[in-house]
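Chemist: This is the structure I have questions about; it appears just below.
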Amino acid sequence: MNKPVRQSDASSGTVKAISVADYIVERLAAEGIEHCFGVAGDYVFPICDAVDSSAKVKWIGCSNELNASYAADGYARIRGAAMLATTYGVGELSAINGVMGAKSERSLVFHVVGMPSYQNQRVRKIAHHTLGDGVFGNFVALSARAACCHAVINPENCVVEMERVIAEARRNNQPAYIAVPSDYALCPVASADVKPIVPRSNAAALQKAMAIIAERLNKAKSVVAFPAFTVSRLGLHKEARQAIEALGCPFVTTLMEKCMIDEGHPQFAGMYAGATSEPKTRQIVEGADVVLDLGGVNLNDITTAAYSGRLDLSRFITVGLDDVRIGDQVIANVRLADILSELAKLKPSSAPYRGKPAGLAPVDGKPSDKITMAALYPRYAAFLRAGDTVVLETGSSSLGVTPTILPDGVRVEAQVLWGSIGWATPAAFGVALADPSRRTILITGEGSHQLTANDIGAMGRFGANVIVFVLNNSGYLIERALEENPNWTYNDLAPWNYAELPKALGCADWFTARVTTLGELDDAMKSARAGKSGAYIEIMGGKMDMPPALAFAHGQLKAMYGDTP
Ligand SMILES: Cc1ncc(C[n+]2csc(CCOP(=O)(O)OP(=O)(O)O)c2C)c(N)n1
Ligand SMILES: [Mg+2]
């Protein structure tokens, strides 16, 4: 693959080397990428042309680069990697929030940016999309910080640099930034004899790590497994489940790992969220002799319900993507996938844990009742089924859905740590394109949706048949709850007619509804499920009607933000 493929030019009968731009697209296609999200621009035309003429990668134009970066993040979570193409300065800077979010949440986005030509850079021409100072490195420095590695490509370094950044991005499962001057992009790529670098464990380090882990597990009176969101990003769901089944111990998840392993699994001991956990779950985690952290769980303010848990980190065995940490001892050069497969070979020392899987919450309320949050969340659980992928937005909805037990076979994606509102709408688009065999369900608040709703149009254009639920509760409810005073005007919004957006944005065949009663909601859910095209349901909720987890946070403001000094 790395030997530049030769293309024959039928008209002249000659054989010429593939261009840098074509090589980059081909090489990324070999990483399993079939779509490129982006916005065109002159400096990036060679990359756009290479995508448009590629038989392997399809151009997916988004309304803006921020949306494209979120869509690429969603795609990468399902496919393992995504491609994002933006133009110099103005384009790449708009994408930075989304790329940085992918870095934070460990999602592998290849961000390819077209730069002004080498010739113009060399003579410091004053060019558009610059500060007018003849300096061309300003934005490379910024975009590179949003990635875990970067390369500025020329025809000679292209083959080697692509292997380096691909390997490094895979090692960290984080974005790579690839900048290409527009004239270099059209040059023939120089061949180089390199092979893809696949990150592997060092055999001796793996053996050492496993010996220490096995000893700790054998001595422990109680073990709990904590599979982390990184397991999902690396597509290691099955391997993590097999490891946990071999160990026989209970496992818990935080809301970042919602449904990563079925919640109906007999070893599932509930969702851990500090003091808001079920008492039994809390006891299993906080009382465990060993907490086996598989992938590096992120114990932040959201996942620990305002740091309300009592976790003793000295009892943690943390298996990272590349190392294992036990107390102060670190064993480097071991890969998570290899540890999981070694753990799957262990034998449980006692009978496996068997929890009582909690059933779905009952669906209550009369058809004529107004929609309350107490009635809404069990309805989502009843609506969802195996084969659905739910994309959850930051806001009251995510705090309502995550504590609700969902059916087996449902996958959930949320941007809990980075928490940039507007993410979920384009991310759902990327998720839907990444795996059309599953149904993608977007659950968002209307305030978040206002940031990126324009790419509902792209969903329609590219046939992504997402079912969209928009909770319209007259503003930023989560923010109202996170303050003493819920009535600050900055938490109010322009009152859009959300249910009319799909039509205005070109989704002519979508089912749309605005629902105010439970009966209307139930009917709309049935119609959305029955249809093959996309669907868009605007749910009218109460201005201060919030799920219990948010009400809890409202009482914990000092713990979350610190006291007034
Ligand atoms: C990019 C960005 N800007 C601002 C915020 C702060 N913020 C967090 S949640 C939120 C409001 C969400 O409101 P909505 O989507 O309507 O959900 P609700 O809580 O009302 O259900 C805001 C503004 C953020 N997280 N990200
Ligand atoms: Mg709202």
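Chemist: For the chain, what class follows from the C-alpha gyration tensor (a ≥ b ≥ c being the square roots of its eigenvalues): rounded when a/c is under 1.5, otherwise prolate if a/b is larger than b/c, else oblate?
Modeler: oblate
Chemist: Which shape class applies to the range 375-512: rounded if a/c is under 1.5, otherwise prolate when a/b exceeds b/c and oblate if not, where a ≥ b ≥ c are the square roots of the Cα gyration tensor eigenvalues?
Modeler: Oblate, since a/c reaches 1.5 and b/c is not below a/b.
Chemist: Also, quick follow-up: Keeping every protein chain in place, order ASP408, ASP193 by accessible area at 1.4 Å, biggest value first, i.e. largest first.
Modeler: Ranked from most to least accessible, the order is ASP193, ASP408.
Chemist: Sticking with this structure for a sec: Accessible area of the range 357-426 with a 1.4 Å probe: how many percent of it is carbon plus sulfur?
Modeler: Ligands and nucleic acids excluded, carbon and sulfur reach 62 percent.
Chemist: At 0.36 nm per residue, and after removing the present C-alpha to C-alpha distance, how many nm does the segment from ALA382 to ASP328 gain when stretched out fully?
Modeler: Length gained between ALA382 and ASP328: 14.9 nm.
Chemist: Can you give the log10 of the normalised intensity I(q)/I(0) at q = 0.16 Å⁻¹, computed with Debye over equal Cα scatterers of the range 297-355?
Modeler: -0.76
Chemist: Taking the Cβ of LEU311 as the centre, find all other residues whose Cβ is under 11 Å away and add up their charges (Lys, Arg: +1; Asp, Glu: -1).
Modeler: The answer is 0.
Chemist: What FRET efficiency would be calculated for the residue pair LYS125, SER350, taking the C-beta separation as r and a Förster radius of 60 Å, to the nearest 0.05?
Modeler: Using R0 = 60 Å, I get an efficiency of 0.25.
Chemist: Place a +1 charge on the Cβ of each Lys and Arg in the chain and a -1 charge on the Cβ of each Asp and Glu, then give the dipole magnitude about the Cα centre in debye, rounded to the nearest 20.
Modeler: 1260 debye
Chemist: Here is a follow-up. Excluding ligands and nucleic acids, what accessible area in Å² is computed for ASP369 using a 1.4 Å probe, to the nearest 10?
Modeler: 50 Å²
Chemist: Let me ask something else about it. Let me check I've understood the local charge: for LYS543, count other residues with C-beta under 11 angstrom from its C-beta, Lys and Arg +1, Asp and Glu -1. What total comes out?
Modeler: Residues near LYS543 contribute -1 overall.
Chemist: Please report the relative contact order for the chain, taking Cα pairs under 8 Å with a sequence separation of at least 6, and give it as a percent rounded to a whole number.
Modeler: Contact order relative to length: 12 percent.
Chemist: Given the -39500 (n - 2.57) contribution per DSSP H run of 4+ residues, what per-residue ellipticity at 222 nm results for the chain, rounded to the nearest 500 deg cm²/dmol?
Modeler: The helix-only estimate for the chain comes to -10000 deg cm²/dmol at 222 nm.
Chemist: I need the semi-axes of the equivalent ellipsoid of the range 55-153: take the C-alpha gyration tensor, multiply each eigenvalue by 5, square-root it, list largest first in whole angstrom.
Modeler: Ellipsoid semi-axes (Å, largest first): 25, 14, 12.
Chemist: Would you mind classifying the range 93-206 by shape? Square roots of the alpha carbon gyration tensor eigenvalues, ordered a ≥ b ≥ c; an a/c under 1.5 is rounded, otherwise it is prolate if a/b is larger than b/c and oblate if not.
Modeler: Oblate.
Chemist: Further, regarding this structure: Roughly speaking, what is the centre-to-centre gap between the range 493-551 and the range 405-433 when only Cα atoms are used, to the nearest Å?
Modeler: Measuring centre to centre over Cα atoms gives 17 Å.
Chemist: Based on a Kirkwood Rh over C-alpha pairs, give the Stokes-Einstein translational diffusion coefficient of the range 167-273 at 10 °C and viscosity 1.306 mPa s in µm²/s.
Modeler: 91 µm²/s
Chemist: With a Förster radius of 45 Å, plug the Cβ-Cβ distance of ALA30 and GLU484 into 1/(1 + (r/R0)^6) and report the FRET value to the nearest 0.05.
Modeler: Using R0 = 45 Å, I get an efficiency of 0.25.
Chemist: So what's the range 483-563 giving for Rg/Rh, alpha carbon basis, Kirkwood Rh from the mean inverse pair distance?
Modeler: Radius of gyration relative to Kirkwood radius: 1.12.
Chemist: What is the local net charge at ALA275, summed over the other residues whose Cβ is closer than 9 Å to its Cβ (Lys, Arg +1; Asp, Glu -1)?
Modeler: +2
Chemist: Further question on the same structure: Can you say what percent of the DSSP beta bridges in the chain, counting only those with both residues inside, are antiparallel? Round to 5.
Modeler: 20 percent
Chemist: Note down the accessible area of SER350, probe 1.4 Å, to the nearest 10 Å².
Modeler: 80 Å²
The values are calculated or read from the model by the stated rules, or taken from the named source; none is laboratory data. Only a predicted model underlies this, so the values are computations on that prediction, with no experimental measurement involved. With ideal geometry, Cβ positions are generated from the backbone for all residues, glycine too; neighbour counts draw on all protein chains shown. The area values use the complete protein model at the heavy-atom level, side chains included, leaving out ligands, DNA and RNA. Shrake-Rupley method; radii C 1.70, N 1.55, O 1.52, S 1.80 Å.
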